[in-house]
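S.K.: One structure is given below, represented as structure tokens, and several questions about it will come after.
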Amino acid sequence: MGNKSLSQIKIDGYLERKNNFSIPNLNPDKIKMATNSEKNKMKLIQEGNQQNKDASLIDGCFSKHFFLNSLDRKVKQDIIKEMSLFSARANLDLFKQGDTPGLFYVLKEGTCDVIINGQKKETLQKGSCFGEPAIIYGMSREYGVKTTSECQIWVLECESFINLIESILNSTHQDTFLNIGKLQAFSVLSNKEKAKIVNNIYKESPPSNKAIYEKGLVSSCIYVLRDGSVTLKKDGNVMKNISKGECFGALEVLANSNRITDAIPSGRTVIYSIPVFWLKSLYGDNYRSVVALALLKSAISNNLALKKLNLNFMAEIFNRFTFKYYEKETEIIRKGEPKNNLFVIPIEGELVDSSNNRTVCPRNNILFGKEIFEEDTSKTTSGIKCKPYSLIATLKYSDFKQHFKCSLKELGEKANSIEQLRKVNLFKNFTDQKLEDLSRKIKIEKIPNGKNVITQGEQGTRFYIVKKGFVDIFVGNHKYIRTMNENEYLGERALFFKEPRSATATAKGDVEVYYLEKQDFETVIEKNLKEYLKDRLYLQDNTVKLEDLEYYLELGVGAFGNVCLVKSAKNKFFYAIKQLSCKQILNNNSCANIDLEKSILLKIDHPFIVKLVKTLKDKDYVFFLMDYIKGKELFDVLRDIGMLNKFQAQFYSASIMLAVQYLHERKIVYRDIKPENIMVVTNGFIKLIDFGTAKSIKDRTNTIIGTPDYMAPEVIMGKGYSFQVDFWSIAIMMYEFLCGSTPFGDGLEEPMDIYMAVINE
């Protein structure tokens, strides 16, 4: 539409519509039919791809257009070459309001009238472009255009124009994504949600002092101010000044109303515009909840219960809200109404006490937010009214309870449960929806110190996950096996094999556990997970005895003994067994170190860390029975393939980080991360092995230990260190992945030389 913004036309209804037209499905066939129909009304003068003297006219039109001006010169030239010149007689309807779009037009000679609802709204002159809003937003024609004289018009087919739009969006996609992440309106969204928005957003630079939209028009876009300033006015009075990063134009979308203000930019202004049509196509009937989430960020952050909810739960809540505009002095809540009848948020405006005009709920705060999760049947002592005009979000307490079958407080607890369940390895591949379904079935129980969670010999009916605290596992006559940490699970064996509990689990301190009843466990745990759990149970079979093990082959030689592959004659499962000479342990005063390694390995259970099943002994040896890792050391992998590519380096680094994060959460520092201590399993994933240098610490330790090339400076200097030294070692490995050597002391053999290189460089 000439040089004006798509959403900034001064007449009623170009993009901001007074009338709601049905939006056609712009499939290729419909576009082609519309294109041919519009072409057939005119007479061809000059085909596209021919030299034309009007290139400067068209280029000038593009350059003054808010959207097309972002095209580089080469793209402009290519587009101009695709345009064809047509002549049109006077009094010809080029297209009508409500038509499927077919062509984009640039007027070379003559004049045309813009027709909306049968009324002339504007006259187009030489150099005007028109027809683009419907193509850009994938909707029917918002207006009609009729020639008032003989005209010559340059046209571009709809399909070519769509390709043009895509090229503009692709060129600005990254810039837009980076900027949108900084804007308040989108700060509550995940990167995935932001990407959805970015793929369907326009960057505009509307002319100063010309309305972006006007009062009375149908609300078809939401806007975010990136740069400059915008003022919202009602009947000439300033209602609000929009700050950078704020959303505007969304209130009417929520209320499903026409525009109630004018939006006036001043100076150089840059805005992002998001068509409601696209929001509907992205989010369906839930699009209003996405808008509400963006607008209600501060209200959410001011309410302890809402803050705890994930986006899915909040979206569900906001989908139940009613959004409505109220004129000044309108009573929202009557005197004597139950306090918990409504959950009320003034998105715009404020709520005041009807009796004394005292503010009881400022903008973006929650009135009676407490009562929604602490039922209160008491009644209000005075009425509540809005001041000035206000957009009010309301939710009946009864509707909330009916939908969610719980209070907001309980819903917050469910949300917390989802976030914690996400950390359980067993559920790491669950979708958000599956986690929500799981959270509805799962229950919480507090177990006091010393009380059994499960008791050996009892019939099992529940599956447990440690929510908070520690649980010790014992068998037989109180023989200690291991300690279960937060987010670890237990009790599945009795459910799978329909046998009595094989061990006793006792709370170590005050403990909280999640639990699933047997029938819910069978529903939630799918077939592939059941197979995984069964393999895990075989691996953890602590009834395996030394005499049950059959020797197969030697896997390696260590400082105190050999590592062999063995098979259990009882369960037919393969294990790796590390054999440690008691004599050598005593001679080297290593008893404490062996005990420490054992205690650490018994605490941990992670898919990227080697698993200790149990320890065994005879008169000459101590044995560590562990899971058999089929694969090779990362050291050998690097030697075989050389430097890793970016993807491989990221994959291995991230996998190691996950294992280290797990250890650090349990106050364990590894202290010797290097390729030799990492196995690459045949499925491509890694396993961290050899915990001889690992240590449980509360804060800091001082022991100088590790491999010189990978040791952090603070370890070498013996000044005390904490968990951060593991990150240094990972960083050294990342360098090695990409460069083929360690960064400090590469090629040096003497440890002292390497230490000096690390410290000095």
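The values are calculated or read from the model by the stated rules, or taken from the named source; none is laboratory data. Because the structure is predicted, anything quoted here is derived from the model rather than measured. Positions of Cβ are generated from backbone atoms using ideal geometry, with glycine treated the same way; all protein chains shown enter the neighbour counts.
S.K.: Taking the stated definitions as given, is Asp618 closer than 30 Å to Asn485 by Cβ, acidic (Asp, Glu) and either surrounded by fewer than 19 Cβ atoms within 10 Å (Cβ to Cβ) or in contact with a strand residue (DSSP E or B) (Cβ under 9 Å, 6 or more places away or on another chain) (or both)? Can you show your working first?
M.R.: Working: closer than 30 Å to Asn485 by Cβ: no; acidic (Asp, Glu): yes; either surrounded by fewer than 19 Cβ atoms within 10 Å (Cβ to Cβ) or in contact with a strand residue (DSSP E or B) (Cβ under 9 Å, 6 or more places away or on another chain) (or both): yes.
Against the criterion (closer than 30 Å to Asn485 by Cβ, acidic (Asp, Glu) and either surrounded by fewer than 19 Cβ atoms within 10 Å (Cβ to Cβ) or in contact with a strand residue (DSSP E or B) (Cβ under 9 Å, 6 or more places away or on another chain) (or both)), Asp618 does not qualify.
S.K.: Still on this structure: Kindly indicate whether Val513 is in a strand (DSSP E or B), touching a Lys or Arg at 6+ places or on another chain (Cβ under 9 Å) and not assigned by TED's automatic domain parsing to the domain that holds His664. Steps first, answer last, please.
M.R.: Working: in a strand (DSSP E or B): yes; touching a Lys or Arg at 6+ places or on another chain (Cβ under 9 Å): yes; not assigned by TED's automatic domain parsing to the domain that holds His664: yes.
Criteria met by Val513.
S.K.: Continuing with the same structure: Given the options Ile629, Ile686, name the one that is touching a residue at least 60 places away in the same chain (Cβ under 8 Å), among the hydrophobic types (A, V, I, L, M, F, W, C) and more than 29 Å from Asp746 (Cα to Cα). Working first, answer last.
M.R.: Details: Ile686 fails: more than 29 Å from Asp746 (Cα to Cα).
Residue meeting the stated conditions: Ile629.
S.K.: Name the residue that is farthest from Asp535 (Cα to Cα), counting only residues in segment 570-595 that are basic (Lys, Arg) and out of contact with any strand residue (DSSP E or B) (no Cβ under 8 Å at 6 or more places or on another chain). I'd like the intermediate steps shown before the answer.
M.R.: Filtering segment 570-595 for residues basic (Lys, Arg) gives 570, 572, 578, 583.
Those still in the list that are out of contact with any strand residue (DSSP E or B) (no Cβ under 8 Å at 6 or more places or on another chain) too: 570, 572, 583.
Working: Lys570: 15, Lys572: 11, Lys583: 35 Å.
So, considering only residues that are basic (Lys, Arg) and out of contact with any strand residue (DSSP E or B) (no Cβ under 8 Å at 6 or more places or on another chain), the one farthest from Asp535 (Cα to Cα) is Lys583.
S.K.: Please go through (1) crowded, with 21+ Cβ neighbours inside 10 Å; (2) at positive phi for Tyr464 and return the number of the only condition it doesn't satisfy.
M.R.: The failed condition is (2).
S.K.: Filter segment 494-536 for residues that are over 34 Å from the mean Cα position of the chain (by Cα) and of a type in the set (A, V, I, L, M); which is farthest from Gly460 (Cα to Cα)?
M.R.: Ala507
S.K.: Could you please let me know if Phe635 is assigned by TED's automatic domain parsing to the domain that holds Leu663 and of a type outside the set (A, V, I, L, M)? I'd like the intermediate steps shown before the answer.
M.R.: Values: assigned by TED's automatic domain parsing to the domain that holds Leu663: yes; of a type outside the set (A, V, I, L, M): yes.
Yes.
S.K.: Take segment 89-123 and flag every residue that is of a type in the set (A, V, I, L, M, F, W, C), buried (at least 22 other Cβ atoms within 10 Å of the Cβ) and closer than 17 Å to Trp154 by Cα.
M.R.: Leu94, Phe95, Leu103, Phe104, Val106, Leu107, Cys112
S.K.: I'd like the residue in segment 400-438 that is among the hydroxyl-bearing types (Ser, Thr, Tyr) and surrounded by 15 or more Cβ atoms within 10 Å (Cβ to Cβ) and, out of all such residues, is modelled with the lowest pLDDT. Don't jump to the end; show me each part of the working.
M.R.: Quick first cut of segment 400-438, residues among the hydroxyl-bearing types (Ser, Thr, Tyr) only: 407, 417, 431.
Now restrict to residues that are surrounded by 15 or more Cβ atoms within 10 Å (Cβ to Cβ): 407, 417.
Numbers: Ser407: 72, Ser417: 77.
The extreme case among them is Ser407.
S.K.: If I ask for residues that are within 36 Å of the chain's Cα centre (by Cα) and either crowded, with 17+ Cβ neighbours inside 10 Å or not in a loop (DSSP other than H, G, I, E, B) (or both), which ones from segment 701-724 would you list? It would help to see each step written out before you state the result.
M.R.: In the first step, residues of segment 701-724 are kept if they are within 36 Å of the chain's Cα centre (by Cα); the result is 710-712, 721-724.
Of everything in segment 701-724, those that are within 36 Å of the chain's Cα centre (by Cα) and either crowded, with 17+ Cβ neighbours inside 10 Å or not in a loop (DSSP other than H, G, I, E, B) (or both) turn out to be Tyr710, Met711, Ala712, Tyr721, Phe723, Gln724.
Conditions tested, residue by residue: (1) among the small types (Gly, Ala, Ser); (2) part of a loop (DSSP other than H, G, I, E, B).
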position: Asp699; (1), (2): no, yes
position: Phe727; (1), (2): no, no
position: Tyr735; (1), (2): no, no
position: Ser741; (1), (2): yes, yes
position: Met752; (1), (2): no, no
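S.K.: Cβ-Cβ distance below 7 Å, separation of 6 or more or different chains: which pairs start in segment 740-761 with a residue that is aliphatic (A, V, I, L, M) and end on one that is not in a loop (DSSP other than H, G, I, E, B)?
M.R.: Within 7 Å, the pairs are Leu748/Ile754; Leu748/Ala757; Ile754/Pro708; Ile754/Asp709; Val758/Pro713; Val758/Ile716; Ile759/Pro713; Ile759/Ile716.
S.K.: Still on this structure, I have one more. Out of (1) modelled with pLDDT under 85; (2) in a loop (DSSP other than H, G, I, E, B); (3) within 38 Å of the chain's Cα centre (by Cα), the odd one out for Asp12 is which?
M.R.: That leaves (3) as the condition not met.
S.K.: Same structure, new question: Given (1) under 47 Å from the mean Cα position of the chain (by Cα); (2) surrounded by fewer than 16 Cβ atoms within 10 Å (Cβ to Cβ); (3) farther than 26 Å from Thr483 by Cβ; (4) of a type outside the set (Lys, Arg), where does Ala592 come up short, assuming only one miss?
M.R.: The failed condition is (3).
S.K.: Okay, moving on. Inspect all residues belonging to segment 223-239 and state whether any of them is free of Cβ contacts under 8 Å to residues at least 12 places away in the same chain, in a strand (DSSP E or B) and either of a type outside the set (D, E, K, R) or within 29 Å of Lys328 (Cβ to Cβ) (or both).
M.R.: Looking through segment 223-239, at least one residue is free of Cβ contacts under 8 Å to residues at least 12 places away in the same chain, in a strand (DSSP E or B) and either of a type outside the set (D, E, K, R) or within 29 Å of Lys328 (Cβ to Cβ) (or both).
S.K.: Looking at Glu531, is it charged (D, E, K, R) and either in a strand (DSSP E or B) or modelled with pLDDT under 80 (or both)?
M.R.: On the way: charged (D, E, K, R): yes; either in a strand (DSSP E or B) or modelled with pLDDT under 80 (or both): yes.
The answer is yes for Glu531.
S.K.: Out of (1) part of a loop (DSSP other than H, G, I, E, B); (2) of a type in the set (Gly, Ala, Ser); (3) farther than 15 Å from Leu638 by Cα, what's the single condition that is false for Gly684?
M.R.: If we test Gly684 against (1) part of a loop (DSSP other than H, G, I, E, B); (2) of a type in the set (Gly, Ala, Ser); (3) farther than 15 Å from Leu638 by Cα, just (3) comes out false.
S.K.: Here is a follow-up. Looking at Asp605, Asp595, Asp640, which is the one that is within 28 Å of His664 (Cβ to Cβ), assigned to a helix (DSSP H, G or I) and not assigned by TED's automatic domain parsing to the domain that holds Tyr480?
M.R.: Details: Asp605 fails: assigned to a helix (DSSP H, G or I); Asp640 fails: within 28 Å of His664 (Cβ to Cβ).
The unique qualifying residue is Asp595.
Rundown of residues vs (1) without any contact (Cβ under 8 Å) to a residue 12 or more places away in the chain; (2) more than 17 Å from Ile347 (Cβ to Cβ); (3) assigned to a strand (DSSP E or B), yes/no style:
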residue: Ile260; (1), (2), (3): no, no, no
residue: Val270; (1), (2), (3): no, yes, yes
residue: Ile274; (1), (2), (3): no, yes, yes
residue: Trp278; (1), (2), (3): no, yes, no
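S.K.: What number of residues in segment 614-630 are assigned to a strand (DSSP E or B) and closer than 20 Å to Asn677 by Cβ? Steps first, answer last, please.
M.R.: Residues of segment 614-630 that are assigned to a strand (DSSP E or B), as a first pass: 614-617, 621-627.
Add one more test, that the residue is closer than 20 Å to Asn677 by Cβ, and what stays is 624-627.
Going through segment 614-630 one residue at a time, the tally reaches 4.
S.K.: May I ask you to say which residue of Ser502, Ser417 is outside the structural domain of Glu531 (by TED's automatic domain parsing) and hydroxyl-bearing (Ser, Thr, Tyr)?
M.R.: Just one listed residue meets the conditions, Ser417.
S.K.: Of the conditions (1) surrounded by 17 or more Cβ atoms within 10 Å (Cβ to Cβ); (2) of a type in the set (S, T, N, Q); (3) more than 24 Å from Pro133 (Cα to Cα), Thr261 satisfies every one except a single condition; which number is it?
M.R.: Of the numbered conditions (1) surrounded by 17 or more Cβ atoms within 10 Å (Cβ to Cβ); (2) of a type in the set (S, T, N, Q); (3) more than 24 Å from Pro133 (Cα to Cα), the odd one out for Thr261 is (3).
S.K.: Ok, one more. If Phe248 passes every condition in (1) surrounded by 17 or more Cβ atoms within 10 Å (Cβ to Cβ); (2) in contact (Cβ under 8 Å) with a residue 60 or more places away in the chain but one, which one does it miss?
M.R.: Result: Phe248 passes all but (2).
S.K.: Restricting to segment 107-134, name every residue that is acidic (Asp, Glu) and in contact (Cβ under 8 Å) with a residue 60 or more places away in the chain.
M.R.: Initially, segment 107-134 is screened for residues acidic (Asp, Glu), giving 109, 113, 122, 132.
Selection gives Glu122, Glu132.
S.K.: Considering each of Ala195, Ala185 in turn, give the residue that is of a type in the set (A, V, I, L, M), at pLDDT below 75, in contact with a Cys (Cβ under 8 Å, 6 or more places away or on another chain) and on the phi < 0 side of the Ramachandran plot. First the steps, then the outcome.
M.R.: Working: Ala195 fails: in contact with a Cys (Cβ under 8 Å, 6 or more places away or on another chain).
So the residue among Ala195, Ala185 that is of a type in the set (A, V, I, L, M), at pLDDT below 75, in contact with a Cys (Cβ under 8 Å, 6 or more places away or on another chain) and on the phi < 0 side of the Ramachandran plot is Ala185.
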